[in-house]
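The values are calculated or read from the model by the stated rules, or taken from the named source; none is laboratory data. From a predicted model like this one, the values you see are computed outputs, not experimental measurements. Heads up, the Cβs are rebuilt from the backbone with ideal geometry, glycines too, and the neighbour counts pull from every protein chain shown.
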Amino acid sequence: MRTLGEYIRLYFIIEAQYIKARMQYRADFIISSIGMFFTSLATLGVFWVILQSVPDVAGWSLMEMVFIYAFFMIAISPMQILFDHAWQLRFHVQEGTFLKYYFRPLNMMFYYMSEIFDLKGLIQLVMGIVLLIYASIQLQIDWTLLKIFLLLITLFSAALVQISIIVAASCAAFWVVESYPVLGLAWKLREFAPYPMSIFDGAFRFMFTFLIPIGFVAFYPSQLFLRPEEVSLLVYFSPIIGIGLFSLAYWIWTKGVNSYTGTGS
Amino acid sequence: MSLIHIENLNKHFKVLNRREGLSGAFRDLFSGDYKTVEAVSGISFDIEAGEIVGYIGPNGAGKSTTIKMMTGILQPTSGVIEVNGLVPYYNRIRQAQTMGVVFGQRTQLWWDLPVIESFKILREIYKVDEKTFKQQMEMFNDLVGLKALHMQQVRTLSLGQRMLCDIAASFLHNPKVVFLDEPTIGLDISVKAKIRSLIKRLNTEHKTTIILTTHDLGDVEALCTRIIIIDKGKILYDGDIKKVNALFGAYRTLKVQIDNFNESTLQTLQEKIVNHFGVDKNLTVAQTEEFWTDITFDQALTPLSDVLNFVMKNFSVLDVRIVEISMENVVQKVYDGALG
């Protein structure tokens with residue numbers, strides 16, 4: 001068996017080569033990065049337009065919304081950068097090319113996901129960090145060591161929640177031939193994440209908090225830094241929620257992998 | 001103890017009985033009407049270290065299913081399967097360390113990377129030490145001139161070059177057993193020969209066991225000492241290749257296109273051939289595709305030139321093709337008791 005350290009080392013070796021190879025397609029990298037940049041910018045534009053017509057969104061100001069969105073951008077980056085191969089799972093499963101992932105002495109999720117390292121996600125990550133710093137200066141947030149520690153913990157948990165939702169949804173490919181709607185829905189849901197959960201009514205808020213907890217991708221943890229007095233106790237459970245969800249997603253993945261029979265060859 | 005031990009192995013799949021039409025599709029959603037397909041039923045064999053075994057059979061015979069069970073992808077429905085003393089399905093990672101697999105035309109190298117980088121990543125994955133790595137790479141270079149391809153991206157290799165690289169890669173970590181599934185499919189004769197000699201050398205170099213599934217009987221003739229023929233999930237023949245060799249080695253099919261062909265032509269041809277060569281010579285005449293008539297015969301009994309001459313003399317022939325006997329024909333002949 002391999003140790004975590006060995007896996008990390010191996011990951012760096014594979015990705016270093018992968019990035020070197022991708023850099024040969026410079027136009028591809030530049031165009032997709034510009035696309036990523038403007039997509040993020042457009043969402044910020046929407047906030048700005050909304051807050052031009054109404055003074056606040058459920059009591060949240062523009063700058064607070066920017067903070068939540070910045071948190072969201074950082075939190076979904078690990079999914080974008082490290083787990084992007086989840087999108088191709090249904091093609092590999094359908095065409096039988098998924099078989100090759102069984103033949104190496106490696107954890108299969110590791111081997112599968114290591115095949116793609118999405119460079120444009122780095123743009124998103126950098127934008128998120130810049131925005132977060134900008135918003136916290138504007139909001140005069142006082143960053144103590146404890147707060148920075150909490151930020152890292154909540155970001156880690158939020159990233160796990162987002163990764164788990166996408167991985168679990170992509171696994172539908174193991175049982176359903178036309179599985180795209182499942183992944184598409186999971187992807188769409190993330191668009192609700194950077195909004196204050198209080199704008200959703202009971203049923204949706206319940207769903208986004210307890211069933212598909214995208215509230216934990218951005219809004220709930222951001223409260224910890226924006227309005228600590230209003231924060232719900234649930235936020236302190238976010239590491240457990242993140243790790244629990246990832247375990248669930250991993251379990252679904254393992255079930256799928258074990259039930260896969262491949263195509264004839 | 002043998003390297004691979006399989007005893008009374010079964011793999012059954014449950015398949016939904018599908019109904020026709022749109023309403024049928026809707027009813028299928030709630031249907032519990034399954035039928036069981038026996039992909040592999042009750043096979044047993046042992047393979048010793050160092051053997052090259054040809055595992056052959058027509059499409060859908062159960063070859064892939066058996067290989068998938070040996071490599072730990074599929075769990076058997078029942079029966080014993082041990083590779084290297086371990087049950088593959090429960091020890092996938094440990095097994096993978098001692099196995100190599102090449103699956104048809106699907107490369108396992110990194111598509112975007114230069115060949116040498118793929119090998120370097122594999123060295124890390126299998127924890128191959130520096131010295132062994134160097135030795136292996138030297139050997140691959142001696143065998144197929146791998147160095148010339150080192151800096152080429154995998155995606156830019158030709159199919160034959162890629163297959164050579166894939167096969168070499170599957171031997172990098174000195175596996176105990178290598179599964180090669182259709183290694184020569186879609187390749188021209190000269191590349192086929194190269195691949196066959198590579199496989200042969202790699203087998204002798206480290207006494208690596210090789211299990212070869214193929215549709216190309218030439219592969220089997222060139223490489224295997226033992227052959228296992230499987231059809232409909234059951235083993236038809238398991239033994240020395242020499243016995244089977246006579247079967248497909250000597251048989252040829254002469255395909256002819258006859259001018260003004262009609263139903264009576266086939267009958268006339270059949271009668272004339274039997275009259276001329278005799279019933280005991282075992283010539284069969286059949287029409288398998290439009291315009292073409294197939295005459296299959298044993299070269300050991302009737303020389304090809306005789307058959308060709310006879311047909312040309314008696315009929316106006318437009319076109320002629322000579323093909324080696326197909327896998328399906330071999331299996332049919334085994335059914336007919338050719339190996340008695």
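List of remarks:
- Sole residue being away from chain A (no Cβ under 11 Å) and either under 26 Å from the mean Cα position of the chain (by Cα) or at pLDDT below 90 (or both), chosen from B:SER64, B:SER78: B:SER78
- Selection count, the range B:47-70, where residues are touching a Leu at 6+ places or on another chain (Cβ under 7 Å) and part of a loop (DSSP other than H, G, I, E, B): 2
- Members of the range B:94-143 that are among the hydrophobic types (A, V, I, L, M, F, W, C) and at the interface with chain A (Cβ under 8 Å from one of its Cβ atoms): B:ALA96, B:MET99, B:VAL101, B:PHE103, B:TRP110, B:LEU113, B:ILE121, B:ILE125
A quick yes/no check of all residues on (1) surrounded by 11 or more Cβ atoms within 10 Å (Cβ to Cβ); (2) without any contact (Cβ under 8 Å) to a residue 60 or more places away in the chain:
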site	(1), (2)
B:SER2	yes, yes
B:ILE6	yes, no
B:ASN10	yes, no
B:LYS14	no, yes
B:ARG27	yes, yes
B:VAL37	yes, yes
B:ASP46	yes, yes
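- Test set (1) within 14 Å of another protein chain (Cβ to nearest Cβ); (2) not in a helix (DSSP H, G or I) - A:PRO194 fails condition number: (1)
- Lone qualifier among A:PHE83, A:PHE71, A:PHE98, A:PHE37 - being aromatic (Phe, Trp, Tyr) and either within 14 Å of chain B (Cβ to nearest Cβ) or touching a strand residue (DSSP E or B) at 6+ places or on another chain (Cβ under 6 Å) (or both): A:PHE98
- Within the range A:234-265, being of a type outside the set (Phe, Trp, Tyr) and within 14 Å of chain B (Cβ to nearest Cβ) holds for A:THR254, A:LYS255, A:GLY256, A:VAL257, A:ASN258, A:SER259, A:THR261, A:GLY262, A:THR263, A:GLY264, A:SER265.
- Of the candidates A:ALA16, A:ALA58, A:ALA42, the single residue that is within 14 Å of another protein chain (Cβ to nearest Cβ), hydrophobic (A, V, I, L, M, F, W, C) and surrounded by fewer than 17 Cβ atoms within 10 Å (Cβ to Cβ) is A:ALA16.
- Annotation: B:ALA300 fulfils all but one of (1) touching a residue at least 40 places away in the same chain (Cβ under 8 Å); (2) of a type outside the set (Asp, Glu); (3) surrounded by 12 or more Cβ atoms within 10 Å (Cβ to Cβ); (4) under 26 Å from B:ILE189 (Cα atoms); the unmet one is (3).
- For the range A:206-235, filtering for residues that are within 25 Å of A:GLN80 (Cα to Cα), without any contact (Cβ under 8 Å) to a residue 60 or more places away in the chain and surrounded by 14 or more Cβ atoms within 10 Å (Cβ to Cβ) leaves 10.
- Picking from residues in the range A:173-203 that are over 16 Å from A:PRO221 (Cβ atoms) and in contact (Cβ under 8 Å) with a residue 40 or more places away in the chain, the one that is surrounded by the most Cβ atoms within 10 Å (Cβ to Cβ) is A:ALA173.
- Just one of the listed residues (A:LEU10, A:LEU4) is more than 25 Å from A:PRO228 (Cβ to Cβ), away from chain B (no Cβ under 11 Å) and modelled with pLDDT of 85 or more, and it is A:LEU4.
- Number of residues in the range B:81-93 that are hydroxyl-bearing (Ser, Thr, Tyr) and either in a loop (DSSP other than H, G, I, E, B) or at the interface with chain A (Cβ under 9 Å from one of its Cβ atoms) (or both): the value is 1.
- Residue within the range A:183-194 that is closer than 17 Å to A:PHE72 by Cβ, modelled with pLDDT under 95 and touching a strand residue (DSSP E or B) at 6+ places or on another chain (Cβ under 6 Å) present: no
- Residue in the range B:303-313 that is under 30 Å from the mean Cα position of the chain (by Cα) and outside the structural domain of B:THR225 (by TED's automatic domain parsing) present: yes
- Residues within the range B:314-340 that are among the β-branched types (Val, Ile, Thr) and either more than 22 Å from the chain's Cα centre (by Cα) or in a loop (DSSP other than H, G, I, E, B) (or both), tallied: 3
- Only one of the numbered conditions (1) of a type in the set (A, V, I, L, M); (2) at pLDDT below 90; (3) touching a helix residue (DSSP H, G or I) at 6+ places or on another chain (Cβ under 6 Å) is violated by B:VAL220, and that is (3).
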